[in-house]
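The values are calculated or read from the model by the stated rules, or taken from the named source; none is laboratory data. Only a predicted model underlies this, so the values are computations on that prediction, with no experimental measurement involved. Cβ coordinates were reconstructed from backbone atoms using ideal geometry, including for glycine residues, and neighbour counts include every protein chain displayed. For accessibility, only protein heavy atoms count, side chains too; no ligands or nucleic acids. Shrake-Rupley method; radii C 1.70, N 1.55, O 1.52, S 1.80 Å.
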Amino acid sequence: MAAEPDCLFCRIAAGELPATRVDEDDRTITFMDINPATRGHVLVIPREHSKDLLEIDAEDLAAVTRAAQRIAQVMPERLDADGVNLLNSCGRAAWQTVFHFHMHVIPRYDADPLRLPWTPGPGEREAIADAARALEGG
Ligand code: 5GP
Ligand code: ZN
């Protein structure tokens, strides 16, 4: 299995560094985040190293998404969560700090302190259309 010797999450996947695991399958491991945004914040990683969303193997991404859904589905009952956020940061500009793909699964509570990091407001029509043209076709 491809592993990067200096990668923190590869070392967790290999069992060389400790982590509090709550779920695993053939392709993924889910463990507690050491700096939780809310009670029950976990990370889902592929066992196989890939840097980020742009590089992850599609099957691994699907497996991570399924594992994220699996753990999210128990959060209302087991943690009394009122909602869940999935968050993936891809690149430094997007807040990524650990460069082994991971999905944050963050239980949300009605009274928790988390807030949207942007202020929603209408964009300029032409700027939206221009961005859409740039993205067309995926
Ligand atoms: P990012 O900022 O890349 O989206 O998320 C990295 C996450 O990994 C952060 O939420 C951070 O708290 C978590 N993290 C960093 N180092 C460790 C570690 O050694 N163990 C665990 N369990 N989580 C870590
Ligand atoms: Zn890695």
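Considered as a group, the residues in segment 64-108 that are within 16 Å of ligand 2 (Cβ to nearest atom) and touching an Asp or Glu at 6+ places or on another chain (Cβ under 6 Å) include one that is nearest to Ser50 (Cα to Cα), and that residue is Phe101. Here Ala14 fits the description: out of contact with any strand residue (DSSP E or B) (no Cβ under 7 Å at 6 or more places or on another chain), within 16 Å of ligand 2 (Cβ to nearest atom) and either modelled with pLDDT of 95 or more or acidic (Asp, Glu) (or both). Among the residues making up segment 85-138, those that are open to solvent by 100 Å² or more (accessible area, probe 1.4 Å) and under 15 Å from the mean Cα position of the chain (by Cα) are Arg92, Trp95, Thr97. Tell me which residues, restricted to segment 17-39, are open to solvent by 50 Å² or more (accessible area, probe 1.4 Å) and part of a strand (DSSP E or B). Within segment 17-39, Arg21, Val22, Glu24, Met32 meet the criteria. With respect to the conditions (1) part of a loop (DSSP other than H, G, I, E, B); (2) farther than 18 Å from Cys10 by Cα; (3) of a type in the set (S, T, N, Q), Thr65 falls short on a single one, namely (1). Return yes or no: is Ala58 surrounded by fewer than 16 Cβ atoms within 10 Å (Cβ to Cβ) and more than 14 Å from ligand 1 (Cβ to nearest atom)? So Ala58 passes the test. A single entry from Ala68, Ala81, Ala63 fulfils the requirement of being open to solvent by less than 50 Å² (accessible area, probe 1.4 Å), more than 30 Å from Gly138 (Cβ to Cβ) and either more than 12 Å from ligand 1 (Cβ to nearest atom) or basic (Lys, Arg) (or both): Ala81.
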